[in-house]
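The values are calculated or read from the model by the stated rules, or taken from the named source; none is laboratory data. All of these numbers come straight from a predicted model, not from anything done at the bench. Every residue, glycine as well, gets a Cβ built from its backbone with ideal geometry; the counts of neighbours run over all protein chains shown. To get the accessible areas, we keep the full protein, side chains included, count just its heavy atoms, and leave off ligands, DNA and RNA. Shrake-Rupley method; radii C 1.70, N 1.55, O 1.52, S 1.80 Å.
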Amino acid sequence: MSTKVRLLGSAVSHWGDDPWARGSWSLIGRHGSRADRIALGAPIDDRLRIVGEATHPTRAGMTHGAYEQGLAAAAWAADLGHRRVAVVGAGMAGLGAARTLHDLGRDILIWEARDRIGGRTAGVEVTGGTFDLGANWLQQYEENTLARLAERLGLTVVPTDFNDPLVFNGEPNPDGIEDDLRKRLAAAAPGTSVADVRREWLSEPAPWTRTQIRRLIDAEIVMDAGAPLDWLSAREGFEPGVGEGDRWIVGGYRLLTRHLAEGLKIHLNHPVSHVRVAADGVVLTGAGTTLQVDAAIVTAPLPVLAAGGITFDPPLPETHRTALSRLGAGRVEKVILRFDRRFWPEHGYYRIHGPTDTGVSEWLDATRADGTPTLVGLFAGAWLDEIWTGTDDEIAARAARIVRSVVPEIAG
Ligand SMILES: Cc1cc2nc3c(=O)[nH]c(=O)nc-3n(C[C@H](O)[C@H](O)[C@H](O)COP(=O)(O)OP(=O)(O)OC[C@H]3O[C@@H](n4cnc5c(N)ncnc54)[C@H](O)[C@@H]3O)c2cc1C
């Protein structure tokens, strides 16, 4: 390994430990289905609605799904004639809801737990450039409402082909194996987990080797979900999104969230702890304050709600509680590495397999952001648990060593 390359700066995410996220994005557990997403988003008593990425039946786990759910909740509140509406959370769903209601002339107040807006879109400055520690891509680009907003704002977006990563320390997926996986998942009985499907598949490996099967599931499902495979639904856990024309935003998602938040009343550092629904309105309590409104739109992430981070009076209906227990979230974390020179081949997107069959990471070349050689790495599963220990500098140094040890260095 050459010693010439220097790491100029880095940033590391901690979505799994973040009390206002408790995971990366929502997933369907083995006893759940998309119907649970719809049930969770159903209005409660004409005064309360829970929405976010987790309540979109077909665009879950994505920013535009969250945003669209925010717009749907705004239309619901407006149709009911609510004048004064509180929005809990200033992520994509909350900003979508609040922006729409504000533009309709309603009185809106957002209570946000963190000291910033954006939720699981989170821009971070690293050695003079801005990068996303949360969402990076506008997925399903052609039918993505936020992509249309990005175009109206004149933002620069760069395509990524997730179906054609340059693979290091392993082989690309052999032809036909992905179709085989999809067929097996679709044919799985309700209540079956991805681990069940994998176990059966490994017992009859021909025509694929066990390593090919394990690495495929790691790359396609563990990397996409970050959840234990014995929890994740085989039939419903592998939802659409990735590989449908994804583009990342140069300058980051904050260019969209700042635009959406313009002119809105947002109270930062204001976690809501209790929501009481009465015949004449909704009372929110949090951070030593109470607020009475006509209706509330709650966009706190699913694991925050499932952990009782907000209590409800009366308690949430049985259908909502069942949905919360059948859905969950995984953990996918990011590292941003800025180098003094580019030592990896030009390709755009890379997959690096770990020393064992259950270690995988994927990497975006984000050099286009400002010309400084930059890699954005995503880790999930067993390898993540090994690497995400110690300080952020230690995690970043470990991740940089992985890249440098497997990527054949090109002349700088
Ligand atoms: C590492 C990572 C990579 C991702 N990559 C992509 C991608 O490339 N493309 C894509 O489309 N999606 C991606 N996603 C998913 C995407 O970020 C989310 O689906 C989307 O941002 C969720 O929006 P939301 O409004 O539903 O929730 P959030 O963004 O989580 O917003 C909820 C808000 O509620 C606040 N909150 C929580 N509890 C309380 C409380 N008690 N009181 C007040 N406020 C509270 C939170 O602080 C937060 O601001 C990624 C996510 C992660 C973590």
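Using modelled backbone amide H atoms (1.01 Å from N, in-plane), which distant-in-sequence or interchain residues come within less than 5 Å of F168's amide H?
It is R351, I352, H353, by chain and number.
Per residue, how large is the accessible surface of the chain? Use a 1.4 angstrom probe and give square angstrom.
It amounts to 40 Å² per residue over the chain.
Springs between alpha-carbon pairs under 10 angstrom, Gaussian network model over the chain: which of I177, I217, I28 fluctuates most?
So, out of I177, I217, I28, the one fluctuating most is I177.
Counting only protein heavy atoms and using a 1.4 Å probe, what share of the accessible area of the stretch 167-304 belongs to carbon plus sulfur, as a whole percent?
Percent of accessible area from carbon and sulfur atoms in the stretch 167-304: 49.
Checking the a/c ratio against 1.5 first, then a/b against b/c, what shape does the Cα gyration tensor give for the stretch 144-298? If you can, show how the numbers build up before the last one.
Numbers: a/c = 3.28, a/b = 1.68, b/c = 1.95.
Judged from the Cα gyration tensor, the stretch 144-298 comes out oblate (a/c at least 1.5, b/c at or above a/b).
For S26, which sequence-distant residues (separation of 5 or more, or a different chain) have an amide H within less than 5 Å of its own amide H, given hydrogens modelled in the peptide plane?
Distant-sequence amide H within range of S26: G61.
Just how many % of Cα pairs in the stretch 301-353 lie over 15 Å apart, if you round to the nearest whole percent?
Details: 924 of 1378 pairs.
Everything past 15 Å amounts to 67 percent.
Which whole-Hz ³J(HN,Hα) couplings does the stretch 220-229 yield from phi under the Karplus relation 6.51 cos²θ - 1.76 cosθ + 1.60, θ = phi - 60°, glycine and proline marked x?
Working through the residues one at a time gives 8, 10, 4, 5, 8, 10, x, 10, x, 5 Hz.
Using Cα springs under 10 Å in a Gaussian network model of the chain, which residue among G154, G170, G119 shows the largest mean-square fluctuation?
Of the options given, G154 has the highest mean-square fluctuation.
Give a quick list of GluC sites (Glu not before Pro) in the stretch 272-379 that DSSP marks as loop, anything other than H, G, I, E or B, with at most 11 other Cβ atoms within 10 Å.
E346
Compute the length gained on full extension between A42 and K265: take 0.36 nm times their separation in residues and subtract their Cα-Cα distance, giving the result in nm to one decimal. Display every interim value, and only then the final one.
Values: separation 223, 0.36 × 223 = 80.28 nm, distance 2.59 nm.
Working it through step by step, the gained length comes to 77.7 nm.
What is the dipole size for the chain, taken about its Cα centre, with +1 at each Lys and Arg Cβ and -1 at each Asp and Glu Cβ, in debye to the nearest 20?
580 debye
Nearest 20 debye, what's the magnitude of the dipole of the stretch 296-407 about its Cα centre given +1 on Lys and Arg Cβ and -1 on Asp and Glu Cβ?
Numbers: 12 positive and 14 negative charges, 47 e Å.
Magnitude of the dipole: close to 220 debye.
Please report the carbon-and-sulfur percent of the accessible area for the stretch 1-158; probe 1.4 Å, protein heavy atoms only, DNA, RNA and ligands left out.
Here carbon and sulfur together make up 50 percent of the probe-accessible area.
Measuring from centroid to centroid over Cα atoms, what is the spacing of the stretch 265-287 and the stretch 129-149 in Å?
With the stretch 265-287 and the stretch 129-149 each reduced to a Cα centre, they are spaced 30 Å.
If amide hydrogens are placed 1.01 Å from N in the peptide plane, which non-local residues have theirs closer than 5 Å to the one on G286?
It is S273, by chain and number.
Normalised by the residues of the stretch 278-333, what does the relative contact order come to in percent, with Cα pairs under 8 Å and at least six apart?
25 percent
Which three semi-axes in whole Å describe the equivalent ellipsoid of the chain, each the square root of 5 times a Cα gyration tensor eigenvalue, listed largest first?
With the √(5λ) rule applied to the chain, the semi-axes are 37, 26, 18 Å.
Determine Rg/Rh for the stretch 36-162; Rg is computed over alpha-carbon atoms and Rh is the Kirkwood hydrodynamic estimate from the same atoms.
Working: Rg = 15.3 Å, Rh = 15.5 Å.
Here the Rg-to-Rh quotient is 0.99.
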